[in-house]
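The values are calculated or read from the model by the stated rules, or taken from the named source; none is laboratory data. The model shown is predicted, which means the values in this text are computed figures rather than measured ones. All Cβ positions, even for glycine, are placed from backbone atoms using ideal geometry, and neighbour counts span all protein chains on display. Note: accessible area is taken over every heavy atom of the protein model, side chains too, but ligands, DNA and RNA are not part of it. Shrake-Rupley method; radii C 1.70, N 1.55, O 1.52, S 1.80 Å.
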Amino acid sequence: MDKLLIKGGARLAGEIAISGAKNAALPLLCAALLTDEAVTFTNVPQLKDIATLLRLLADMGVQVSREGDTVTLQAREISNPVASYELVKTMRAAILVLCPLVARCGEARVSLPGGCAIGARPVDQHIKGLQAMGAEVNVDHGYVLAKSPRLKGARIFTDMVTVTGTENLMMAAALADGVTVIENAAREPEVVDLANCLVAMGAQISGAGTDVIRVQGVARLHGCTHRIMPDRIETGTYLCAAAVTGGEVRLNNTSSAYLDAVIDKLMDAGCEVQAERHAIHLKAPARLKAVSLRTSPYPAFPTDMQAQFMALNSVAEGSAMIRETIFENRFMHAVELQRLGADIKIDGNSALVTGVEKLQGAAVMATDLRASASLVIAGLVAEGETLIDRIYHLDRGYEKLDEKLVALGASVSRTS
Ligand code: UD1
C-alpha cells in the first residue's frame with residue numbers, strides 16, 4: 001500500500017493549477033443517466049472516486065469514453081439499474097445514481113452506504129423525497145429498492161441541509177410529472193453547477209443556490225457539453241498548505257467566489273489573499289495567528305476544510321476553538337496530529353487547539369479524505385520526516401497531490 005513521505009520545512013512558493021471539483025463531478029456524471037443522448041464533461045479530475053463511478057456507470061450499460069480531462073457518457077439503454085454494496089461502501093456518493101435511475105428506468109436497486117469513518121451518514125432524506133414523489137421504496141437486505149413508472153412533482157422539505165440529497169432529488173424532479181419544490185435545499189456551489197448542467201440538458205430549474213429549488217418536470221432531457229467547476233476544497237487545502245509554511249503561491253484555474261468563509265479565516269490568520277480573475281494569490285506571514293471556526297452548510301465554513309484548519313491552528317500563535325456541526329465523528333485527525341506534537345483537547349464536537357512552536361515528524365495514519373489532507377499540511381511544517389500511511393484516501397479526492405506539492409517546492413515522495 002502506498003505511503004507518502006514528507007520532509008518538513010520547505011516554504012511553498014510558485015503556481016499550480018486547481019483541478020475540477022470532485023463533489024461537482026460525481027453528481028454531474030450521474031446526471032448523464034437522465035438522457036439517452038451523449039453528455040460530455042470537461043475539467044473532470046483524475047481521481048479514484050471518479051474512476052469508481054465511471055466503472056459503476058459502465059456496468060449499468062452506459063458507454064464511457066475518456067480522453068484526458070474530457071469524459072463523454074451515453075446512456076442509450078440502461079441494462080442493469082443496480083449499485084452494489086462492494087461499490088457504495090467505498091464511495092458513498094454512488095447513492096447519487098438512485099434518483100436518476102428511478103426517473104429514467106422506473107426502478108433502481110442501490111446499496112445503503114452504511115456507516116463511514118466520519119459518522120452514520122444515513123440517506124433517509126433521499127428516500128423520503130422519492131416517496132413524496134410517489135415512488136414505492138423498500139429497504140431489503142441492505143439495499144434500497146425504489147420503483148415508480150413516472151415520478152410525480154411534490155413539495156419536499158428536508159429535515160436537514162443535505163448536499164447529495166438535494167442533488168439526487170433535483171435529478172428525480174427534472175423528469176417528473178409536474179412541479180417539485182425542494183425546501184431547506186443545500187446552497188452549495190456544486191448544487192448550482194449540477195442545476196446549470198441539467199438546464200443545459202433541457203430541465204426547467206429555478207432557485208438553485210437558494211434554499212428553495214423549483215423544478216418543472218419535463219418529458220425528456222437531451223445531451224450537452226458541460227465544464228465542471230473548480231474544486232473549492234482542493235483550492236482551500238493548498239491555501240492552507242502554503243499558509244502554514246509561510247509561503248507565497250498563486251493557484252490558477254480556480255475562483256475565490258466559492259471560498260469567502262475560508263479566505264476570511266486565512267486573512268484573520270494574517271495572510272494576504274488576493275482574488276484574481278481565474279486565480280487566487282496568497283502570501284503568508286512568518287507565523288500565523290490561531291483562528292476559531294464553526295462548520296455549517298454553505299455559505300458558512302465548510303466541514304471539508306475543518307481538518308486542514310486544525311493542522312493550521314496546531315502551529316499558529318495562540319488558541320482557537322473548532323466546532324464541527326455537520327458530522328458527529330470528524331475529529332479523527334486530532335489523534336494523529338497529536339502524534340506530531342499538536343496540543344488539541346477534544347470535548348464532544350469541539351476541539352481546543354493551542355499552537356505549538358514546532359511539530360515533529362512521525363509515522364501517522366490517514367483515516368479519511370480530508371483528515372489525510374490535514375496530516376499532509378502538518379507534515380509540511382513538521383521537523384524531520386512524516387510518513388503517512390493509507391494514502392488511498394488522498395487519491396480518492398486530490399488529483400496528483402504529490403506532483404503539485406513538489407511543483408511548489410515541497411519535499412514529498414510516494415513509497416510502497
Ligand atoms: C457532501 C459532500 C461531502 C461534505 C458534505 C457536507 C459530496 C459527494 N460529498 O456529502 O464532501 O462533507 O456534503 O458538506 O458532495 N444526513 C442525514 N440524512 C440524509 C442525508 C444527510 O441524516 O438523508 C445528515 C448527514 O449524516 C450529515 C448531514 O446530514 O450529518 C449532512 O450530510 P450531507 O450534506 O448529505 O453530506 P453528503 O451529501 O453525503
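Residues that are within 15 Å of the ligand (Cβ to nearest atom) and out of contact with any helix residue (DSSP H, G or I) (no Cβ under 6 Å at 6 or more places or on another chain) do not occur anywhere in region 63-76. Reported count of residues in region 1-39, each being surrounded by fewer than 17 Cβ atoms within 10 Å (Cβ to Cβ) and within 16 Å of the ligand (Cβ to nearest atom), is 0. Within 21 Å of Leu369 (Cβ to Cβ), within 15 Å of the ligand (Cβ to nearest atom) and out of contact with any helix residue (DSSP H, G or I) (no Cβ under 7 Å at 6 or more places or on another chain): does that describe Leu112? Yes.
Among the residues of region 163-196, those that are open to solvent by 10 Å² or more (accessible area, probe 1.4 Å) and over 23 Å from Thr254 (Cβ atoms) comprise Leu175, Asp177, Gly178, Val179, Val181, Glu183, Asn184.
Surrounded by 20 or more Cβ atoms within 10 Å (Cβ to Cβ) and closer than 26 Å to Gly246 by Cβ: does that describe Leu352? Here the answer is no, as Leu352 does not meet what is asked. Can you give me the number of residues within region 315-349 that are open to solvent by less than 20 Å² (accessible area, probe 1.4 Å) and of a type in the set (S, T, N, Q)? Qualifying residue count, region 315-349: 0.
Condition check: under 23 Å from the mean Cα position of the chain (by Cα) and not β-branched (Val, Ile, Thr). Does Ser206 satisfy that? No. Restricted to region 194-233, the set of strands (runs of 3 or more DSSP E) holding at least 3 residues that are within 16 Å of the ligand (Cβ to nearest atom) is empty. The test for being free of Cβ contacts under 8 Å to residues at least 12 places away in the same chain and open to solvent by 20 Å² or more (accessible area, probe 1.4 Å) does not hold for Arg294. Among the criteria (1) outside the structural domain of Val291 (by the TED database); (2) in a loop (DSSP other than H, G, I, E, B), the one Thr180 does not fulfil is (2).
Selection of region 304-324 for residues being free of Cβ contacts under 8 Å to residues at least 60 places away in the same chain and of a type in the set (Ser, Thr, Tyr) yields only Ser319.
Within region 118-131, restricting attention to residues that are open to solvent by 50 Å² or more (accessible area, probe 1.4 Å) and modelled with pLDDT of 95 or more, which residue is nearest to Pro302 (Cα to Cα)? Result: Lys128. Within region 398-411, residues that are modelled with pLDDT of 95 or more and part of a strand (DSSP E or B) sit with their Cβ atoms under 8 Å from residues that are surrounded by 15 or more Cβ atoms within 10 Å (Cβ to Cβ) and aliphatic (A, V, I, L, M), at 6+ positions apart or across chains, in these pairs: Ser411/Ile6; Ser411/Ala10. Against the conditions (1) within 14 Å of the ligand (Cβ to nearest atom); (2) touching a helix residue (DSSP H, G or I) at 6+ places or on another chain (Cβ under 8 Å), where does Ala320 fall short? Just the number, please. Condition (1) is where Ala320 drops out.
Filtering region 219-228 to residues that are touching a helix residue (DSSP H, G or I) at 6+ places or on another chain (Cβ under 7 Å) and open to solvent by 10 Å² or more (accessible area, probe 1.4 Å) leaves Cys224, His226. Within region 267-279, being open to solvent by less than 10 Å² (accessible area, probe 1.4 Å) and either part of a strand (DSSP E or B) or under 23 Å from Leu369 (Cα atoms) (or both) holds for one residue alone: Ala279. Residues considered: Leu282, Leu312. Of these, the only one that is assigned to a helix (DSSP H, G or I), of a type outside the set (Gly, Ala, Ser) and buried (at least 17 other Cβ atoms within 10 Å of the Cβ) is Leu312. The criterion of at least 3 residues that are outside the structural domain of Asn253 (by the TED database), open to solvent by less than 10 Å² (accessible area, probe 1.4 Å) and more than 23 Å from Arg396 (Cα to Cα) is met, among helices (runs of 4 or more DSSP H) falling completely within region 40-113, by 98-105.
Being basic (Lys, Arg) and within 20 Å of the chain's Cα centre (by Cα) is the filter here, so list the residues in region 311-348 that pass it. Scanning region 311-348 gives Arg323, Arg330. In region 129-170, which residue that is within 11 Å of the ligand (Cβ to nearest atom) and among the polar types (S, T, N, Q) is nearest to the chain's Cα centre (by Cα)? Once the filter is applied, the top-ranked residue is Thr164.
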